[in-house]
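The values are calculated or read from the model by the stated rules, or taken from the named source; none is laboratory data. No experiment lies behind these values; they were computed from the predicted model shown. Reconstructed Cβ throughout: ideal geometry from the backbone, glycine too, with neighbour counts over all protein chains shown.
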Amino acid sequence: MKRLLFLAVLVCLLIAPAAALSLDFQDSGEFTSYVSCVGDGTCAYFQNKTGGNSYITTTGGTNEFVRNTDPSATTYASATILYGTFAAGGGGSAIRGYDAGGATLFSFYMPYAVATTSPKRVEIIVTGGVAKMYINGIYDQQSGVLATNPSYIGFGELAGTGYWDDIVYGASENRYIFGSPEQGYFIKKDMLNPAASGFCFANGTIISSYNMSTTWGFGDSNASQTVILKEWSSGLNAATYTTPAGSQAGSINWAIYDEIINDPTMPYGYYITTIAGSGTQSTVIPYVAMGATVAFDKVTYSRGDTAVVSWSVDGGGYWDTATYSYRLDTLDVYGNVVDTQTVTAQAGSKNVAFTTSDSLGVYYAVLIATPISGGDDIWMNFDTCELTGYLVFTGNVYDAETAAVIPIANVSIVQGTTIYNKVTSADGNYTTDAAFYSGTITLINVTAAGYQQYTDSFTPLDAKTIGLNFTLLSLTPTHTGLAIGGISRDTVYGRPIPLVSVTAANATHAESYSVTGNSVGYYEIDESDGVFFTDDRCYTVTGSKTGYGSASYLKCVVAE
């Protein structure tokens with residue numbers, strides 16, 4: 001019987017960024033930490049002092065661009081140009097790609113007449129070694145064949161001033177971004193004085209008694225979509241907004257007095273802006289009653305640390321034990337309570353211990369008043385911290401051909417002297433509980449009876465939960481006649497990539513055959529596809545998918 005030849009390295013090792021960035025510039029730290037200015041002009045951060053949108057500007061000389069500070073090979077970037085200020089008939093916006101050394105790989109020009117009619121969402125997609133620019137989802141222009149994928153992508157001006165916001169670098173799997181108001185701002189419904197309610201600065205001063213604005217931007221489609229303002233932990237929708245067809249960027253003025261403050265069904269908590277199913281949301285906007293202060297003793301903690309949370313409740317009716325009972329809850333960003341303690345004093349502090357199994361990310365310490373006579377919890381105030389340092393791997397092990405999960409697969413992850421060994425559950429799942437770190441080489445070994453062993457090594461990029469699935473090849477694969485097959489994986493963590501377009505070609509003999517991989521990255525080209533490979537002939541196998549780079553390998557078919 002003729003056997004299936006699998007690729008040893010496997011086709012389509014697709015380039016992903018070293019660190020995806022989504023920058024809505026509602027925090028000045030995003031400007032100072034993640035982007036830099038190149039050219040002979042200047043770049044500046046604009047903070048809206050009246051609760052509106054913040055953004056960055058590029059202005060000055062004959063060319064100035066803001067670009068990512070950290071070089072990371074990327075196949076996707078996007079930004080919203082709010083508007084531009086140019087002399088009629090001169091100047092305009094431009095987008096450039098640079099290699100790791102800062103040399104320009106491509107430059108796209110956007111005339112002033114386009115850039116001044118805004119906002120517009122500009123996207124750069126690198127595929128097949130070519131960079132393409134889209135404006136509001138519509139193809140505009142493309143580069144020649146690039147020598148390498150860009151390490152930096154800059155947005156700016158050839159002359160004049162551009163106003164840029166909501167930049168995404170490298171997040172090709174998720175091109176949505178939502179900009180909340182400035183960090184520290186919040187919505188208030190005062191528990192004693194309803195007239196003192198509204199959208200507030202961090203110091204409690206009311207910006208607006210009625211409205212709050214957010215921005216949105218997305219790729220993939222310029223069809224209308226529904227943006228939702230919702231309370232995160234309960235999932236209750238406060239309001240919806242339909243984006244205009246033909247646009248990929250804009251802003252929303254939420255009527256929060258009617259939609260949240262004056263609606264008794266909307267709970268205190270933290271609110272986000274999102275599109276259902278997008279997988280991305282804005283940072284949270286707290287909705288609180290005030291009348292108290294809450295504070296963690298540190299900004300960040302590691303697993304196993306003990307945080308000290310202090311509080312102080314104001315007098316004048318805010319501290320009233322005959323009317324309310326009080327407690328201090330610590331929650332994760334999904335609303336799960338990880339610690340709760342009764343509060344019996346107007347001021348004090350409590351210890352909150354983070355366990356070695358707590359998920360990394362943001363946590364909230366919330367001082368809550370509950371009416372003794374009955375009624376909903378009142379969030380008086382809260383503070384945030386972040387649990388960092390360790391990372392978690394979680395995912396499933398799959399059969400390449402059937403895409404079914406593999407139970408009782410052995411997953412071994414080793415990082416220095418830290419070893420995690422786990423047999424997958426009946427649903428093929430595993431989740432690590434070992435103390436793994438970012439920035440340290442990690443070894444992977446996955447085995448299962450009847451399957452080829454899978455090994456890999458990589459250096460984790462971020463201290464967070466990383467989804468890491470594995471797809472295993474059968475020791476006795478099925479096929480018809482001579483065949484070429486394998487698994488498409490990314491180059492960052494070796495994760496299988498679904499639905500990759502794979503082509504096997506031999507230019508000398510004018511042969512070219514294509515298939516699409518399955519949901520767990522597996523592809524196979526054989527006689528069932530009407531393909532009859534020639535024994536002892538070599539083929540260039542290429543994998544490609546929108547939003548990724550592509551890779552090609554020469555593989556020869558040999559009958560056994």
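Per-structure values
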item	result
Any pair with Cβ under 7 angstrom, 6 or more apart, that starts in the range 336-355 at a residue that is of a type outside the set (Ser, Thr, Tyr) and ends at one that is assigned to a loop (DSSP other than H, G, I, E, B) and surrounded by 11 or more Cβ atoms within 10 Å (Cβ to Cβ)	338/358; 346/319; 354/303; 354/304; 354/305
Residue selected from the range 474-491 under the condition within 34 Å of the chain's Cα centre (by Cα) and either hydroxyl-bearing (Ser, Thr, Tyr) or surrounded by fewer than 17 Cβ atoms within 10 Å (Cβ to Cβ) (or both), by the criterion farthest from residue 401 (Cα to Cα)	491
Matching residues in the range 210-254 - criterion: being under 18 Å from residue 179 (Cβ atoms) and among the aliphatic types (A, V, I, L, M)	212, 227, 228, 229, 238, 239, 249, 252
Flag if residue 481 is small (Gly, Ala, Ser), under 29 Å from residue 441 (Cβ atoms) and either at pLDDT 85 or above or in a loop (DSSP other than H, G, I, E, B) (or both)	no
Selection within the range 143-201 - over 27 Å from residue 25 (Cβ atoms) and either of a type in the set (Asp, Glu) or assigned to a loop (DSSP other than H, G, I, E, B) (or both)	146, 147, 148, 189, 190, 191, 192, 193, 197
Residues of the range 418-473 satisfying the condition of being surrounded by 14 or more Cβ atoms within 10 Å (Cβ to Cβ), of a type in the set (D, E, K, R) and assigned to a loop (DSSP other than H, G, I, E, B)	462, 464
Single residue of the range 400-417 satisfying the filter (of a type in the set (S, T, N, Q) and not in a loop (DSSP other than H, G, I, E, B)) that is surrounded by the most Cβ atoms within 10 Å (Cβ to Cβ)	415
From the options 392, 352, residue that is crowded, with 20+ Cβ neighbours inside 10 Å and within 24 Å of the chain's Cα centre (by Cα)	392
Verdict on residue 431 being free of Cβ contacts under 8 Å to residues at least 12 places away in the same chain and assigned by TED's automatic domain parsing to the domain that holds residue 492	no
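The rows are residues; the columns are (1) more than 24 Å from residue 123 (Cβ to Cβ); (2) surrounded by 14 or more Cβ atoms within 10 Å (Cβ to Cβ); (3) touching a residue at least 24 places away in the same chain (Cβ under 8 Å); (4) not small (Gly, Ala, Ser).
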| position | (1), (2), (3), (4) |
| --- | --- |
| 182 | yes, yes, yes, yes |
| 189 | yes, yes, yes, yes |
| 200 | yes, yes, no, yes |
| 213 | no, yes, yes, no |
| 238 | yes, yes, yes, no |
| 245 | no, no, no, no |
| 251 | no, yes, yes, no |
| 254 | yes, yes, yes, yes |
| 261 | yes, yes, yes, yes |
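To keep it simple, each residue is scored yes or no on (1) of a type in the set (Phe, Trp, Tyr); (2) more than 22 Å from residue 190 (Cβ to Cβ); (3) not in a loop (DSSP other than H, G, I, E, B).
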| site | (1), (2), (3) |
| --- | --- |
| 222 | no, yes, no |
| 230 | no, yes, yes |
| 246 | no, yes, no |
| 259 | no, no, yes |
| 267 | no, no, no |
| 283 | no, yes, no |
| 287 | yes, no, yes |
| 290 | no, no, no |
| 294 | no, no, yes |
